[in-house]
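Asks: Here it is, the structure in full.
The values are calculated or read from the model by the stated rules, or taken from the named source; none is laboratory data. All values reported here derive from a predicted model rather than from experimental measurement. Cβ placement follows ideal geometry from the backbone for every residue including glycine, while neighbour counts extend to all protein chains displayed. The protein model used for the area step is the full one, side chains on, heavy atoms only, and it has no ligands, DNA or RNA in it. Shrake-Rupley method; radii C 1.70, N 1.55, O 1.52, S 1.80 Å.
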Amino acid sequence: MTRDEARARDAADPLRGLRDRFALPDGVIYLDGNSLGALPKTTPARLTDVVTEQWGRDLIAGWNAHGWIGAAVRAGGAIAPLIGAQADEVLVADSTSVNLFKLLAAACMARPERGTILSEPENFPTDLYMAQGVAGMLAGRRVKTVAFDDLVAAIDDDVAVVLLTHVHYKSGHKRDIAAITAAAHARGALVLWDLSHSAGAVAVDLNGCDVDLAVGCGYKYLNGGPGAPAFLYVARGLQETLRSPLSGWMGHAAPFDFHDDYAPAPGIARFQCGTPPILGIAALEEGVAQFDGVDLAALFAKGQALCDLYVALVEERCTGFVLASPRDGAHRGSHVSFAHPHAYAICQALIARRVVGDFRAPDVLRMGFAPLYTGFEDVWCAVDTLAAVMRERAWNDPAYRFRAAVT
Ligand SMILES: Cc1ncc(COP(=O)(O)O)c(C=O)c1O
């Protein structure tokens, strides 16, 4: 595809106008929306309103007057259509790590006769770390990791919960939620899916796949801003039987009765712990609102097409890169990784030329294609810049020898 053809494809794209909903800096090609989503144009005004008009003017009355007290449940309800859930099955709360802890522990407690949390090696680190924390805390529990291809066969009668990430953070591999969930259920195990790289990027049908539990990030494709609160999902049929191990007052049935003893709230609200972060939730609501009225099937198909174009152009124009993601879009999320021995330095050289992707150790150059605001010409220009960086050996700069704290 030539640059003119890429531009023509953008011009013919009915989703192209969505890009105008975002305040992207001029001249930057942003291919890191899978790490931190772009800023929606409406977010600054919304935050200003919540800060100055709501907090500044109404002070504590805001909890009732502005619906702050119900914000976590309300924001969860807005995320629900993006992941195939009912509005009362999703809650915005805490970080993804903390939500993993809450749901893993709740799942283990609901299967007291089973000792294993089953996952795959090289799952996102926090997923494994939180599982290790839960297993270390509950007597007789362990974390077992099994290579993905052998995972279904390893679901035995001792598995309490299968913990997997739907779209792998590094490779972009997309797992089959329906098949793995069915296999887990056939052996009496629960499933917990991490949707951090899926929500807002690929189709997810939690209800249709009979999923028990899920978590995901608010700051990636959902555009909630740095450190945005995360979400969790608990299937309606499980909500009354699961107990959060973090039995904070905001998950109590009557927090303002100030009882000494914990009694979980009915429904999804029991998975709240402390006071909800109102500013963070307001920003996340704006991020999620960018999907309003959008044809999701068309949006996700566009994400796949952007990835396909990137793979084709890199392989056509750049040597030394090995595709580390599935070639077939049906098995991939909305990001693509290529392995290269100088991936970190190449990534820094690209950023210096205003093409922003990221590096994942040990050798992966990862590019995310958030379909709400990425165009085909962006992909073309990004690869053109990559080809120039390689041709000119721009990556071979002593400044790129030492890694920054965040890569
Ligand atoms: C799959 C996955 N899970 C969880 C997280 C992060 O969790 P937290 O929001 O707790 O930092 C990430 C961050 O990149 C991720 O990719």
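Asks: May I ask you to verify whether residue 282 is over 18 Å from residue 110 (Cα atoms), away from the ligand (no atom under 14 Å from the Cβ) and aliphatic (A, V, I, L, M)?
Replies: Considered against the rule, which asks whether it is over 18 Å from residue 110 (Cα atoms), away from the ligand (no atom under 14 Å from the Cβ) and aliphatic (A, V, I, L, M), residue 282 comes out as yes.
Asks: Could you tell me whether any residue of the stretch 253-274 is touching a residue at least 24 places away in the same chain (Cβ under 8 Å), of a type in the set (Gly, Ala, Ser), in a loop (DSSP other than H, G, I, E, B) and open to solvent by 10 Å² or more (accessible area, probe 1.4 Å)?
Replies: yes
Conditions tested, residue by residue: (1) over 19 Å from residue 398 (Cβ atoms); (2) at pLDDT 95 or above; (3) in the same structural domain as residue 36 (by TED's automatic domain parsing); (4) not in a loop (DSSP other than H, G, I, E, B).
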position	(1), (2), (3), (4)
327	yes, yes, yes, no
330	yes, yes, yes, yes
337	yes, yes, yes, yes
341	no, yes, yes, no
344	no, yes, yes, yes
349	no, yes, yes, yes
365	yes, yes, yes, yes
370	yes, yes, yes, no
373	yes, yes, yes, no
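Asks: What residue, of 363, 358, is within 14 Å of residue 171 (Cα to Cα), open to solvent by 30 Å² or more (accessible area, probe 1.4 Å) and in contact (Cβ under 8 Å) with a residue 24 or more places away in the chain?
Replies: 363
Asks: Counting just the residues of the stretch 306-333 that are among the small types (Gly, Ala, Ser) and open to solvent by 20 Å² or more (accessible area, probe 1.4 Å), which one comes out farthest from residue 41 (Cα to Cα)?
Replies: 320
Asks: Then there is this: Just checking, which of 71, 23, 11 is touching a Lys or Arg at 6+ places or on another chain (Cβ under 7 Å) and either under 17 Å from residue 379 (Cα atoms) or not hydroxyl-bearing (Ser, Thr, Tyr) (or both)?
Replies: Result: 23 is the single residue among 71, 23, 11 that is touching a Lys or Arg at 6+ places or on another chain (Cβ under 7 Å) and either under 17 Å from residue 379 (Cα atoms) or not hydroxyl-bearing (Ser, Thr, Tyr) (or both).
Asks: A further question on this structure: Test of understanding: among 195, 190, which residue is within 13 Å of the ligand (Cβ to nearest atom) and crowded, with 24+ Cβ neighbours inside 10 Å?
Replies: Exactly one of 195, 190 is within 13 Å of the ligand (Cβ to nearest atom) and crowded, with 24+ Cβ neighbours inside 10 Å, namely 195.
Asks: Related question: Quick one: which of 92, 98, 143, 152 is open to solvent by 10 Å² or more (accessible area, probe 1.4 Å), in the same structural domain as residue 236 (by TED's automatic domain parsing) and assigned to a strand (DSSP E or B)?
Replies: 143
Asks: Mind listing just one residue for me: the one in the stretch 207-235 that is crowded, with 24+ Cβ neighbours inside 10 Å and more than 12 Å from the ligand (Cβ to nearest atom) and, of those, nearest to the chain's Cα centre (by Cα)?
Replies: The extreme case among them is 223.
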